[in-house]
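Engineer: This is the structure I want to talk about, given as structure tokens.
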Amino acid sequence: MISPWDRLYTTSCCLCCHVRTGTIILGIWYMLINAVVMLILLTALSDPEHYHLTSAEIANDLDVMDDSHMCIAAAISLLMIMIAGMATYGAYKQLAAWIIPFFCYQVFDFALNTLVAISIIVYPNTIQDYLQQLPGNFPYKEEIMDMNVCLVFIVLLFIGCILAFKAYLIACVWNCYRYVSGQGTTDVLVYVTTNDTTVLLPPYDDSMMTTLPPKHNPPPYVSA
């Protein structure tokens, strides 16, 4: 019997790449995105008068993001760079334990997006409430609010596509973890059990070294 996990296991992703290569590319992509976000946040912190959004610009009583929120966002971006870097290094050096934090983040992010989709299904009016909080000069605001059911369907379809893509990336990282973990367990001792006895078989390489006779040089050629 083959388990469902074994049926889903594959060493290729994106139809052409190896799972190690895909995980390395994904880790580098996450590092670049979070590095850009952290650079923007640090620039905004260094020049708050130029990048700070006030309440008059968004028709709200509170600021969009103060300095404390920016510091927290920058710290999260730095943490994500470290986690993605660990996954990239683990996939390159075939260290399975280094991939686990990035995989856990992917699962956590997928769970959050799933909760967002469920909240939209249970409370579809949350989309209208969010649109009402947008500025009055937001393009096509009234047309979007008049869509109602179609708007909910479009949002759910968009979130569903995102969830499917995230699930595929999770499967790629998990297959990379299984592949890297399997590289360290190739020399496994095999137990063969019969009705009466249990025999411990050595690895294949060791058994071949012990069973094959040593090679000797051929005798020198002597002319007649």
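Quick note: the coordinates plus some simple rules give every number you see, no bench work behind them. Since this is a predicted model, take the numbers as computed values, not measurements.
Engineer: Could you calculate the contour length gain from Glu142 to Met82, that is, 0.36 nm times the residue separation minus the distance between their Cα atoms, to one decimal place in nm?
Structural biologist: 17.4 nm
Engineer: 5 Å is the cut-off here: which amide hydrogens, built 1.01 Å from N in the peptide plane, fall below it relative to His18, excluding neighbours closer than 5 in sequence?
Structural biologist: Residues meeting the criterion, in which the H sits 1.01 Å from N, are Cys13.
Engineer: Given 0.36 nm per residue, what is the gain on full extension from Tyr130 to Lys166 after removing their alpha carbon distance, in nm?
Structural biologist: 10.5 nm
Engineer: Further question: With the Cα gyration tensor of region 64-119 giving a ≥ b ≥ c as the square roots of its eigenvalues, does the rule (a/c under 1.5 for rounded; else a/b larger than b/c for prolate; else oblate) give rounded, prolate or oblate?
Structural biologist: It comes out oblate by the Cα gyration axes.
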